[in-house]
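Just so it is clear, none of the values below were taken in a lab; they were calculated from the coordinates. Note that the structure is a prediction, hence the values are computed from the model and not measured. So basically every Cβ, Gly included, is an ideal-geometry build from the backbone, and we count neighbours across all protein chains shown.
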């Protein structure tokens, strides 16, 4: 029995990186949530929290 290797070539036009787009979107959402929390702590709670 011979082993046949099947290869499916995907052209550039057929490639649809949904997983990469989802990962970038997830990182963006995390970044925005962290920025909002930082903004809330620093500016809405009565002043900066870093004491020099």
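Of the listed peptides 23-36, 3-16, what is their order by residue-averaged count of other C-beta atoms within 10 Å, with the highest listed first?
23-36, 3-16
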Q | Estimated distance in nm for a label pair at residue 31 and residue 9, the labels positioned 7 Å out from Cα along Cα-to-Cβ | A | 3.6
